Structures are given as C-alpha cells and as structure tokens.
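Take a look at the structure below.
The values are calculated or read from the model by the stated rules, or taken from the named source; none is laboratory data. All figures in this text were calculated on a predicted structure; none of them were measured in a lab. Neighbour counts are summed over all protein chains in view; Cβ atoms, including those assigned to glycine, are modelled from backbone coordinates with ideal geometry. Please note that ligands, DNA and RNA were not included when accessible areas were found on the heavy atoms of the full protein model with its side chains. Shrake-Rupley method; radii C 1.70, N 1.55, O 1.52, S 1.80 Å.
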Amino acid sequence: MKFGPVPLGEAAGCYLAHSLKIGEGVFKKGRRLVADDIAALQAAGLAQVVVARLDDGDVQEDEAARRLAEALAGVQAVCGVATTGRANLLAGSAGLVCIDAARIHAINAVHESLTVATLLPFEPVAEGQMLATIKVIPYAVPRAALEQVLSLAQSAHAAISVAAFRRISVGLILTSLPDTRASVLTKMRESVQKRLLPLQAQLCAETVVPHEQTAVAEALARMAADPALDVVLVSGIAATVDRADVVPAAMVQAGGQVVHAGMPVDPGNLLVLGQVQRADSRCVVVGLPTCARSPKLNGFDFVLRRLAVGLDVSARDVMAMGVGGLLTEMPGRPMPRGDQPAA
C-alpha cells in the first residue's frame, strides 16, 4: 500500500486518508474516490489529496477485518458488519466469554496492521455485549499477513466463543456453632442467592447443620445423591485452613474427594473444590471461603461462573487463576493486606 498526497488526477480508485469538508457535506476518511468525487474536490479548490493506494498484494481494510472476525468467531459469537476497518464480535447469548489467549497473542504478533482486542477470558457477558473488536490500522493489509493470521485463527476450537448459562440447580449447606448469630447465616444465604441470579442458576435445597465433620458429611451425602442438584455449596462458619479441617474432611467422609484446597485469588484463598461421584454423574462440591458473605468479587465467583455454564473446573484451572487474582481488598478483614507486618 502506498500512502501520501497525490494530484487529483491520480486519485480515482484510491481511499481518502482523512475526512474532508466539501461544501455542505463531508467526505469521510476511507472513502473510495470515484470520478464524481474528484470533480467535487476540484470544485472545492483542491489540487491534491492524501490517499491510500492499494497494491495488488493488499486486502482492503473492511474485507480483512470481516474475514478475520469470521475466522475467530465460535459458538454464540456473532459477527457485526465490518466498516471503517473494524469488525466486532457480539455475544449471541448470556454466558461466559471463552478466549484462547495464546492464539490472540499470536495473531497480534504477526503484523502491526492487524489487531484483535478482547474481553478477559471467562468474563460474564449479556446477550449482545461486545466480546472482541478486530481493527485494521491502515486502509489495507498485506495479503500474506492476513493469510497468516487466518491460519492461526482457524482451528477445530474457536478462539472466541460464549458458553451459555445452563440454569444449574444448587444445594447449600450452612454450618453453625452454638454462638452463631442467625444474621450471619442469613447474610451468607442472601449473598449466594444474589450470585446465582445473574448466572440463571437456582438455589433448590438448603440445610443448616452443626460445624462438625460427620454432620456436614451426612448432609453432603444426602444432597450429592440427589440427581437434580448439579452443585453443592458448603459454607463453613469457620474458615478452612487445612485438608483435614471440617469441610474438606467431610467431603471425603461423604464418599467424595478434594480436588483442590486453596486458590491463588485474594480474597478467596480458602476455597475448597471437591466432588462426589454418583452412579452415572458427579456432583461438584465447593467449600466457600468466608469472604463469600460479601457481595464483592472474590475467588468463589471465578469458580461459580464456570460451573454455571457447565465447564469443568480442575485443580489446574484453579491454580491458573492467579494472574488477575489480586482483587479489591475487603474492609473489616482481621488483617488486611496493607497492615501485614514484613516477614
């Protein structure tokens, strides 16, 4: 592509580099100049104009943006109309956006003329929300560069898609001690319900038991045996600090297993992920960190969102949540980050 000023006599078929006010109207940048446009420019007293002139090996910006958007789009990722070198991908349904970050990085590293900007992976999105924007910086891109990014974008697994919410059914076990105030249990219950609502999930079963391993295990075994429940949440009145503590030990006693104890997200470090195998399925069990009583974003949200769209959450998934896992501090914690003494 050649860019720069040319005499009007050589501008036909070129793309206008900058918007120009002509009489009462405006010729917008990116306009492909035709004979009538040249005449109007001459009538306005112009002798030359700054344009982009495509070479044989170039692909025009809108076509390049459209082709790349189509190659990136997966399930429930809808391509918008390409214009001014930009094509957007929009959510076809509410859910979580799934991004292959490695491929997006690789595409952005090919050529400066082609750019892809996306939401963060696993962000919740509403139907119609923008997931990504593909922007061609100049008015054309080299065909070889476009073909390279298209080869990276096209795969059996789409680089950008939406996992729709699946209306999962949830059970909740709350534990208490003799001096536990009812308001504390109510606060956790309400916090869970508020989290489930935007994820189109439903709280279908609930019980309160003493904060003792056997009591929790028995309640967990009953709920996990119910095929109507997809996930069981266990909110211990006391924080879980070891795999041998009440909540994870109860998972094992109930015939399940602890998949991972702890997570590199703060607040939310003390989450426990487990599961109980059923005859033909499994029930996911999540031991909630006590910070889940607060409506503020914490590590529990990272896990719950994925479960709400039917994604498996493995120990490796949890351990990969550390980048971006330093969240806003919560007031009232016994020892906030900023008050911790140096080691």
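What residue, among those in the range 134-163 that are more than 14 Å from the chain's Cα centre (by Cα) and of a type in the set (Val, Ile, Thr), is most open to solvent (accessible area, probe 1.4 Å)? Before you say what the answer is, go through the steps one by one.
First pass over the range 134-163, keeping only residues more than 14 Å from the chain's Cα centre (by Cα): 134-158.
Now restrict to residues that are of a type in the set (Val, Ile, Thr): 134, 136-137, 141, 149.
Values: Ile134: 0, Val136: 0, Ile137: 105, Val141: 0, Val149: 0 Å².
So the residue we want is Ile137.
So that you can scan it fast, the table gives a plain yes or no per residue for (1) open to solvent by less than 60 Å² (accessible area, probe 1.4 Å); (2) closer than 18 Å to Asp179 by Cα:
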site	(1), (2)
Gln202	no, no
Ala205	yes, no
His211	yes, yes
Glu218	no, no
Ala225	no, no
Val234	yes, no
Val241	no, no
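For Leu146, are the conditions met, namely being touching a residue at least 24 places away in the same chain (Cβ under 8 Å), assigned to a helix (DSSP H, G or I) and within 16 Å of Glu63 (Cβ to Cβ)?
Numbers: touching a residue at least 24 places away in the same chain (Cβ under 8 Å): yes; assigned to a helix (DSSP H, G or I): yes; within 16 Å of Glu63 (Cβ to Cβ): yes.
Yes, satisfied.
Given the criteria part of a strand (DSSP E or B), out of contact with any Ser or Thr (no Cβ under 7 Å at 6 or more places or on another chain) and either β-branched (Val, Ile, Thr) or crowded, with 18+ Cβ neighbours inside 10 Å (or both), does Val97 qualify? Walk me through it before giving the result.
Working: part of a strand (DSSP E or B): yes; out of contact with any Ser or Thr (no Cβ under 7 Å at 6 or more places or on another chain): yes; either β-branched (Val, Ile, Thr) or crowded, with 18+ Cβ neighbours inside 10 Å (or both): yes.
So Val97 passes the test.
From the list Arg189, Arg166, which residue is open to solvent by 40 Å² or more (accessible area, probe 1.4 Å) and in contact with a Gly (Cβ under 9 Å, 6 or more places away or on another chain)? Show your work before the answer.
Details: Arg189 fails: in contact with a Gly (Cβ under 9 Å, 6 or more places away or on another chain).
Only one candidate passes the filter, namely Arg166.
In the range 284-308, what residues are farther than 21 Å from Val216 by Cβ and either open to solvent by 10 Å² or more (accessible area, probe 1.4 Å) or among the basic types (Lys, Arg) (or both)?
Listed by number, the residues that qualify are Ser294, Pro295, Lys296, Leu297, Asp301, Phe302, Arg305, Arg306.
Can you tell me which of (1) open to solvent by less than 20 Å² (accessible area, probe 1.4 Å); (2) closer than 12 Å to Ala140 by Cβ; (3) touching a residue at least 60 places away in the same chain (Cβ under 8 Å) is the one Ala69 doesn't meet?
Going through (1) open to solvent by less than 20 Å² (accessible area, probe 1.4 Å); (2) closer than 12 Å to Ala140 by Cβ; (3) touching a residue at least 60 places away in the same chain (Cβ under 8 Å) one by one, Ala69 breaks only (2).
Where in the range 158-267 are there strands (runs of 3 or more DSSP E), lying wholly inside it, with at least 2 residues that are over 24 Å from Ala320 (Cα atoms)?
On the way: elements: 160-164, 169-176, 202-210, 231-235, 257-261.
The strands (runs of 3 or more DSSP E) meeting that bar are 169-176, 202-210.
Yes/no matrix, rows are residues, columns are (1) under 27 Å from Arg181 (Cβ atoms); (2) surrounded by fewer than 23 Cβ atoms within 10 Å (Cβ to Cβ):
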position	(1), (2)
Gln253	no, yes
Gly256	no, no
His260	no, yes
Val272	yes, no
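Does any residue of the range 21-32 turn out to be of a type in the set (D, E, K, R), closer than 26 Å to Gln148 by Cα and under 39 Å from the mean Cα position of the chain (by Cα)?
Step one: list which residues in the range 21-32 are of a type in the set (D, E, K, R), which gives 21, 24, 28-29, 31-32.
Still in the running and closer than 26 Å to Gln148 by Cα: none.
No, that holds for no residue.
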